[in-house]
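Here the structure comes first, spelled out in structure tokens, and everything after it is commentary.
The values are calculated or read from the model by the stated rules, or taken from the named source; none is laboratory data. Just so you know, these numbers come straight off a predicted model, no measurement behind them. Using ideal geometry, Cβ is built from the backbone for each residue, glycine included, and neighbour counts are taken over all protein chains shown.
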């Protein structure tokens, strides 16, 4: 899609409640948690009079909430199929749909863990591993990717009884950090973030082990502030935002 978005106020059936400076709420996939701090800092520097609030969670849950008229202005999903469905259902603005990154999956353990990550996914069958944290595949794209990786490696049947499910990929990481699981299959963007990287070790799962985690965003039909919602969606496609996302381990879509 072209970098520039169609101005949302020109779309039929879209009636923003505000046109001046204001506040928007962004529903963001949990894998963006650390990268978003930097993205927001730079966006606010460009738009000092504006306010962007971010709520993190699983993409599938956000999709259901938006279907039920949750007051989110922008949706940043870890699976672009959710924003596409919202467009098809008339709940999001079609011209605002965009891809911003491809997520990557990693095996993560605390720094003090005795597990040898050089074994790759085979480390999961180590007898010292009693619990393996993954995101819930029913509504979390990283959970579905984790299941695919386990099946691709021929390990799913052997480790199925050890799996513990996080509500989203951030909670999945927390399970391992807290000791509730010995190892987790988490977003690379969380594993490489400074607060996490200093306290853990990771092994990146090869991209051919699971379907691409294509991540995308959209402005919802209920957006209360058309101009600011559009501006934020456009910012997520800038070279500045792409540089930040790449630094946090995301692969970038082919454009520019």
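Observations on the structure shown:
- Here is the figure for region 125-142: residues that are without any contact (Cβ under 8 Å) to a residue 40 or more places away in the chain and under 28 Å from residue 64 (Cα atoms) total 1.
- Region 23-51 - residue that is over 18 Å from residue 100 (Cα atoms) and touching a helix residue (DSSP H, G or I) at 6+ places or on another chain (Cβ under 6 Å) and, of those, modelled with the highest pLDDT: 24
- Residue among 114, 110, 137 that alone is over 23 Å from residue 211 (Cβ atoms) and either under 24 Å from the mean Cα position of the chain (by Cα) or surrounded by 20 or more Cβ atoms within 10 Å (Cβ to Cβ) (or both): 110
- Residue match in region 159-181 (condition: out of contact with any helix residue (DSSP H, G or I) (no Cβ under 9 Å at 6 or more places or on another chain), within 24 Å of residue 65 (Cβ to Cβ), at pLDDT 95 or above and not in a loop (DSSP other than H, G, I, E, B)): yes
- Among the residues of region 83-102, those identified as surrounded by fewer than 24 Cβ atoms within 10 Å (Cβ to Cβ) and within 25 Å of residue 185 (Cβ to Cβ) are 99, 100, 102.
- Looking at 190, 228, just one residue is assigned by TED's automatic domain parsing to the domain that holds residue 153 and surrounded by 22 or more Cβ atoms within 10 Å (Cβ to Cβ), and that residue is 190.
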